Structure formats: structure tokens, C-alpha cells
């Protein structure tokens, strides 16, 4: 995939380049799909209305500001891979808690423990790539497939994932 030639101001071109590199970030480890079904550039501002109400599938959260070093010494912006049988609701929950934490100071964020995925999203920003299940697939098996590809590439699971996913 080539980066399109654009005559926009530098910041618009930079945004296109960032989206291009984040798409490539997913393709570094997950090549079973040519493209995600949905892409949201900012978890705090995303409008999930285009996702069907009964959609099920997997979402990948990537940092907007930071790459993380994994055991094979390679870097990735991916910090969480999750699944849901009700994607729209799950993503709205992630959005709610990420917003909640992004409005708190560091001191306030240690008074109570929050899931790592929300801490990372609030601190580094989060971009979301969504992969829907086909009719015969389950979110659990798709999540397993994507995490397995990630693990094979980076020798570890994403840093905010607490556990491995197992096929049903």
C-alpha cells in the first residue's frame, strides 16, 4: 500500500501517515484479513453508531503516542486485544472509562485500581481497529486467532491483556 500524495497542510498529511502506519502495525502480525471492518482514530471522540447493534467480533487498541517493547525486542503500538458478542456496547464502555481516567490526575488515578487497558488509553490515547465475525465464527475464536498471531510475532501478549484467549 502506498501513501497517497496529498497537497494538504503538514498536519493533515501527518494524520494520513499515522493512520497508514497503524494499519501496517496490525498487518505486521495479523494477515488473515486484508482490512479491518471499522476504524476509529480516537477512542475519546469515536461515534460507534455505524457498528450494527448485534455485531460481534474483536477490537484492537493501539496507542496514539507510544510504542511498547515486547520480549523479542520489537516495538508495537498495540496494547490490548479484546472481543465481544455486543461490540458497540463494549466499545462504549471502553470509551466511558477511558474518558473518566483521562480527566483525572495521576494522584486520582492511583486512589482506585482501574483496568490496565483504560490506564493505557487515557495516558497514550487509543485508536481502535474492529474485525467482525462472519456468521459461522465466534468472537472467542477470532480473538484467539488474532492474539496467537500477535504472540507469534512479538513473543508475548499485548501489555494490557491480562490473560490468554483460548478457543472454544
### Query
Going by how many other beta carbons lie within 10 Å of each one, how would you line up 94, 100, 149, fewest first?
100, 149, 94
### Full-extension gain in nm, residue 50 to residue 66, via 0.36 nm per residue minus C-alpha separation
3.0 nm
#### Entry: residue 31-residue 100 FRET efficiency (beta carbon distance; Förster radius 41 Å; 0.05 resolution)
0.70
### Query
Using the count of nearby Cβ atoms within 10 Å as a rough guide to exposure, how do 130, 60, 78 rank from fewest to most?
130, 60, 78
### Summary
Kirkwood Rh for the range 38-168 from C-alpha pairs, in Å, is 15.1 Å
### Query
Given the C-alpha centroids of the range 114-168 and the range 42-64, what is the distance between them in whole angstrom?
13 Å
### Footprinting exposure proxy for 148, 36 (fewest neighbouring C-beta atoms within 10 Å first)
148, 36
### Query
Is the range 117-168 best put as rounded, prolate or oblate by its Cα gyration tensor, with a ≥ b ≥ c the root eigenvalues, rounded for a/c under 1.5, and otherwise prolate when a/b is larger than b/c, oblate when not?
oblate
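Here, each number is a calculation from the coordinates, and none is a lab measurement. Worth saying up front: this structure is predicted, and the values here are computed from it rather than measured. Cβ: placed from backbone, ideal geometry, glycine included. Neighbour counts: every protein chain shown.
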